[in-house]
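The values are calculated or read from the model by the stated rules, or taken from the named source; none is laboratory data. All figures in this text were calculated on a predicted structure; none of them were measured in a lab. Every residue, glycine as well, gets a Cβ built from its backbone with ideal geometry; the counts of neighbours run over all protein chains shown. SASA here: full protein model, heavy atoms, side chains in, ligands and nucleic acids out. Shrake-Rupley method; radii C 1.70, N 1.55, O 1.52, S 1.80 Å.
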Amino acid sequence: GSRDLAKPTYAEYMNREVIKPHRLVIYNMMNQHTGKLEPEDRLRLVEIRGYLNFWDTRAVLDRIKLYLMEYNHFSDNGDCSSTIRMNETIKPDLGRIRNKYLNNPEIINTLSFLETNIAFCLSEVGSPESSLGLINGVLDRVYPGEIYGPESFANSATVINNNIIHLLEGGQAERAGNLIERYQDFFERDDLEPENIIRFCRNQANWCFSRGKWEEAVGHLSRCLELSADDERKKADLKNNLLFAYFNWGVSSMKRKDWDGAISRFSKALNYSSDSQSREKTLKNLSIASFNSGLEKGEEFIAEYGESCTGCGWYTENAATFYSNRAASLSKEGRWEEGIAALLRAEEIAGTENPELVNRISGKISNLYLDWGNDFFGRSEWDAAADRFEKSFEYAGTDQQKKSSAGNLSLAVFRSAAGRGDFKRGEEFITNHPEFIRYSGYRKNVIWFYSRWTNRLLKQERWQEAISKLEERLKVIDKNNRSDIGKTRGYIRDTYINWSFEYLDNKNWELSLEKLSEAMEWTDSEEDKEEMAGYIFNTYHKWALFHVSREEKLRALEIYRKCGELYPQLMDKCLIEEKRIKRGL
């Protein structure tokens, strides 16, 4: 009573246990007398009791729980190295306990929980093999439904995930992949907390990222997103990862020219883009895939996203290129009008903010009209060709394009005019386009046109008009082109000669000589001048003989004298003829 002890009963007496003295000492290490000791000393008595009383389940459990308390102390202070030293010290005894109590769920689960905590520290200091060795042992013997079962599985999941993360961050993707494969089934357990499964799935996704396995990464991240339904912060982070995975999956598809696949992936990525920068980057790649996929997909993109992309340089460039490529494809099929419409749509999209792009598109429109005109030209449809060439010139941006368009336009107009005999129309074109004279191709066409017109006039013996057209032709020829100038002057000279023959046949001597005199002005070489002098003398001679035949010999003498006076080079011939007439007198 003085010690405040309860009075023993007879029943307790009958239930007494007879033990050896040293076991009584061991038993008393855990009674009320030890409560007055310092905590460390009291707990060490618990450890000694569990060591000495190895056959006592309660003593062994208390010892293991003591180590759990010590682990918690080290953990609270972030002292993993002390935990590892503790493990090295007690590891042999823990093995003995494990072997002795393998069929005792409470002891095995408590011990397993301790080992998972030690494994965590080993993983933290970079000892993956040691930490996972402990985890593998735990997973082989833990009892799921008993005390510490769920905690052991949760800790095991944490350690496995930590080791995978360390390997991935250390660039050891292959080893990380082996761990993921090894523990795949473990993370399918229904009793694991979603947080642990989410971490494992994210590790799977990160490993897929390192290997470019974007489709698998999307699958893992999607599962994470389902399990994170109530955590908005995690969901936001996972959506960024899904954006990254879908985006890179789309890029991979584009490299294989799988445009439809790329469109699908970039469209998915858009669903997860939370900022304007990532959205614009995704739209840019989506536009490339859509525009390469064909007309339908390209126009779908423009219809859905074009307005929101207005002002983005890449959109303007990509959309314009899309329509330009479409126009090129249509032109190959001879679908000129549709091709032009596509380029005009590109021009509309380009607007006025990018002059360089607008000029490029204008150049393509010019080229397409030029090709369209050539198509008509090849079928001798001159007017239709001229209409297209005129449009080509309107859109021409470079001097070379203008040169080609002006040349083809003028030739089509001239061919049409010559074919119809409507040469006035061709002349009006020349009058209306004085600026074309700087293009060499145009000069050639004008020369051809005046030549055709001259030929028509010569056939009609419209000498003066023919000569005026040859003179116009002469104005067009480059001053340095001595050959064409000489030929044209020769044509004019020959036309005057032929014109003189017409008067000669009608014995209109003076007019014939007048035309020959004009022809003489168009001679350049001495040889030509000598030839012209022969024509002139023959005409004077025929004129004089005409009067001789009519007994008008004095008149004939006057004609020879006039010839000699006007043409001194013919004086000798004229004097001979004069002497012949005088002898007759």
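Things worth noting here:
- Cut-off 11 Å (backbone N to label point 7 Å along Cα→Cβ of Ser380), residues of region 407-423: 419
- Between 0 and 90 degrees, the angle of helix 571-584 with respect to the longest Cα principal axis of the chain falls at about 30 degrees.
- The calculated FRET efficiency for Lys479 paired with Asn538, based on their beta-carbon distance and R0 = 30 Å, is about 0.30.
- In a simple Cβ point-charge model (Lys, Arg +1; Asp, Glu -1; nothing else charged), the chain has a dipole of about 1460 debye relative to its Cα centre.
- Here's the picture: charge each Lys and Arg Cβ at +1 and each Asp and Glu Cβ at -1 in the chain, and of Leu132, Phe187, Ser517 the one pushed furthest to the positive end of that dipole is Ser517.
- Extension gain, His73 back to Asn103 (0.36 nm per residue minus Cα-Cα distance, nm): 7.8 nm
- Of the cross-linked pairs Lys515/Lys573; Lys235/Lys297; Lys239/Lys281; Lys213/Lys268, those separated by over 24 Å at the C-alpha level are Lys235/Lys297.
- A Stokes-Einstein calculation at 10 °C with viscosity 1.306 mPa s, built on the Kirkwood radius of region 348-404 over Cα pairs, returns a diffusion coefficient of 137 µm²/s.
- In this structure Glu552 has an accessible area near 60 Å², from a 1.4 Å probe over the protein heavy atoms.
- Each Lys and Arg contributes +1 and each Asp and Glu -1, all at the Cβ; summed about the Cα centre of region 35-98, the dipole is approximately 300 debye.
- In the chain, helical runs assigned H by DSSP with n ≥ 4 each contribute -39500 (n - 2.57); averaged across all residues and rounded to the nearest 500, the mean residue ellipticity at 222 nm is -26500 deg cm²/dmol.
- Take the Cβ atoms of Glu88 and Ile165, set R0 to 22 Å, and the FRET efficiency comes out at 0.30.
- Projecting the Cα atoms of Asn481, Ser500, Ala544 onto the dipole axis of region 473-559, where Lys and Arg carry +1 and Asp and Glu carry -1 at the beta carbon, places Asn481 farthest toward the positive end.
- Here the spin labels are modelled as points 7 Å beyond Cα on the Cα-Cβ line, and at Leu295 and Val125 they lie 7.2 nm apart.
- A straight Cα-to-Cα reach below 20 Å connects Lys332 with the lysines Lys364, Lys391, residues fewer than 8 places away in its own chain not being considered.
- For the chain, the longest principal axis of the C-alpha atoms and the axis of helix 313-332 are separated by about 50°.
- Computed 3J(HN,Hα) for region 410-424, one whole-Hz value per residue from the Karplus formula 6.51 cos²θ - 1.76 cosθ + 1.60 where θ = phi - 60°, is 4, 5, 5, 5, 5, 5, 5, 5, 5, x, 8, x, 9, 5, 4, glycine and proline marked x.
- Fully extended contour minus Cα-Cα distance, from Ile48 to Asp275, at 0.36 nm per residue: 75.5 nm
- Accessible area per residue in Å² at 1.4 Å probe, computed on the chain: 55 Å²
- The per residue volume of the convex hull around the alpha-carbon atoms of region 158-236 is 91 Å³.
- For region 445-498, the alpha carbon convex hull comes to 58 Å³ per residue, rounded to a whole number.
- Cβ-placed point charges (K, R +1; D, E -1), dipole of region 62-219 about Cα centre in debye, nearest 20: 400 debye
- Heavy-atom accessible surface of the chain: percent carbon and sulfur, 1.4 Å: 48 percent
- Simple spin-label estimate for Phe501 and Asp260 gives 7.8 nm between the two label positions (7 Å along the Cα-to-Cβ direction from each Cα).
- Around Phe322: net Lys/Arg minus Asp/Glu count, Cβ-Cβ under 11 Å: +1
- Chain lengthening between Arg58 and Lys487 when straightened (0.36 nm per residue, less Cα-Cα): 141.5 nm
- Paramagnetic label reach from Gln172 (point 7 Å along Cα→Cβ; backbone nitrogen cut-off under 14 Å): within region 150-165, residues 160-165.
- Inter-probe distance in nm under a simple model that places probes 7 Å from Cα toward Cβ, at Glu394 and Glu304: 3.6 nm
- Between helix 259-272 and the chain there is an angle of about 50 degrees, using the helix long axis and the longest principal axis of the Cα atoms.
- When the chain is described by a simple charge dipole with +1 on each Lys and Arg Cβ and -1 on each Asp and Glu Cβ, the residue from Ile576, Asn248, Gly397 located farthest towards its positive end is Ile576.
- Amide H contacts of Thr523 (H built 1.01 Å from N, in plane; Pro and chain starts excluded): no residue 5 or more places away or on another chain comes under 5 Å.
- Read-out mean projected area of the Cα convex hull in nm², derived from the coordinates shown; its label in (i) 43.5; (ii) 34.5; (iii) 47.3: (iii)
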